[in-house]
Protein chains: 2
Amino acid sequence: MSPIQFYKCLADDTRLKTLLLITLKQELCVCELQEALAVSQPKISRHLAELRKCELLIDERRGKWVYYQLNPELPAWAVTVLQETAANNSEYLHPHLQQLSQGCANC
Amino acid sequence: MSPIQFYKCLADDTRLKTLLLITLKQELCVCELQEALAVSQPKISRHLAELRKCELLIDERRGKWVYYQLNPELPAWAVTVLQETAANNSEYLHPHLQQLSQGCANC
DNA sequence: TAAACATATGCGAAATATCATATATATGTT
DNA sequence: AACATATATATGATATTTCGCATATGTTTA
């Protein structure tokens, strides 16, 4: 995981919020992310595919749903970066966390 | 300083290396960065201008030279992110640190 | 098996970022 | 003042990224 590849992954609003929400919540499914971020299904899916390809996230299908988590093989410094960012930018994440807590229409 | 703006600044190889080298060295002048990274003068200058505009760096002219430092008003989490990244990616920075230690042709 | 649902992907258009070249500005030197 | 050096910026060409729409795949339920 080169730092430049890592930071290119964080340099998009959808991807950054996705990573930070998963950092806080351990795991989220596609429909939860789609609702929390209010984006189209292909959009969230394509960004998730990129994060998977770069090995920042891993996916796991359970029935109809696909759940995403941080890749447990992420280097410690990268996890620290995500946690530090998530813990200190609540204004940035707040509306989406609130939306998450309202529950998801599908799952 | 919104996290997305911060990470967009880190998402270019020249800018990321610039920020990490300055994190390690406290301050560097334009010609040192240009030599250490082996990039053209307009290129380093343009990226420095962007980092200035986003308030990640401050500049200070001393005679012919302009020195850049991290903006002291950077939020603590952002400084932590830079330090954690710089401290754990020596392979990424090593050639440039070595070049830096060889001294600069101009200053 | 078909229908419904959740997710993924192909593709072209639009937006954005990057770069090289040329040129401008500021400082120091003679 | 004239000139050399260090740095900044404008401009247009090129590359990269992002997105919307259409469609494909995989899973569950009827």
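A few points about this structure:
- Whichever residue in the range B:56-92 is of a type in the set (Ser, Thr, Tyr) and in contact with a Cys (Cβ under 9 Å, 6 or more places away or on another chain) and, among such residues, is surrounded by the fewest Cβ atoms within 10 Å (Cβ to Cβ): B:67
- Top-ranked residue in the range A:45-55 [being near DNA strand C (Cβ under 10 Å from one of its atoms) and open to solvent by less than 80 Å² (accessible area, probe 1.4 Å); ranked as nearest to residue A:22 (Cα to Cα)]: A:48
- Residue match in the range A:64-77 (condition: within 11 Å of chain B (Cβ to nearest Cβ) and of a type in the set (Ser, Thr, Tyr)): no
- Members of the range A:1-31 that are in a loop (DSSP other than H, G, I, E, B) and open to solvent by less than 30 Å² (accessible area, probe 1.4 Å): A:11
- Yes/no for residue A:43 being within 11 Å of DNA strand D (Cβ to nearest atom), more than 17 Å from residue A:100 (Cβ to Cβ) and either more than 14 Å from chain B (Cβ to nearest Cβ) or not charged (D, E, K, R) (or both): yes
- Filter pass, residue B:30 being touching a strand residue (DSSP E or B) at 6+ places or on another chain (Cβ under 7 Å), modelled with pLDDT of 95 or more and either among the small types (Gly, Ala, Ser) or within 14 Å of DNA strand C (Cβ to nearest atom) (or both): yes
- Residues of the range B:32-44 that are part of a loop (DSSP other than H, G, I, E, B) and surrounded by 15 or more Cβ atoms within 10 Å (Cβ to Cβ): B:39 alone.
- Residue A:55 vs. criteria of a type in the set (Asp, Glu), away from chain B (no Cβ under 14 Å) and within 19 Å of residue B:11 (Cβ to Cβ): yes
- Verdict on residue B:93 being away from DNA strand C (no atom under 14 Å from the Cβ), in contact (Cβ under 8 Å) with a residue 24 or more places away in the chain and touching a helix residue (DSSP H, G or I) at 6+ places or on another chain (Cβ under 7 Å): yes
- The number of residues in the range B:50-98 being under 12 Å from the mean Cα position of the chain (by Cα) and not in a helix (DSSP H, G or I) comes to 9.
- So residue B:21, is it within 15 Å of DNA strand D (Cβ to nearest atom), at pLDDT 95 or above and closer than 27 Å to residue A:86 by Cβ: yes
- Candidates B:11, B:49, B:38, filtered to the one that is in contact with a Phe, Trp or Tyr (Cβ under 6 Å, 6 or more places away or on another chain) and either touching a residue at least 40 places away in the same chain (Cβ under 8 Å) or near DNA strand D (Cβ under 9 Å from one of its atoms) (or both): B:11
The values are calculated or read from the model by the stated rules, or taken from the named source; none is laboratory data. In this text, all values refer to a predicted model and were calculated from it rather than measured experimentally. Here Cβ is always computed from backbone atoms with ideal geometry, including for glycine, and neighbour counts include all displayed protein chains. We work out accessible area using only protein heavy atoms, side chains counted, and drop any ligands, DNA or RNA first. Shrake-Rupley method; radii C 1.70, N 1.55, O 1.52, S 1.80 Å.
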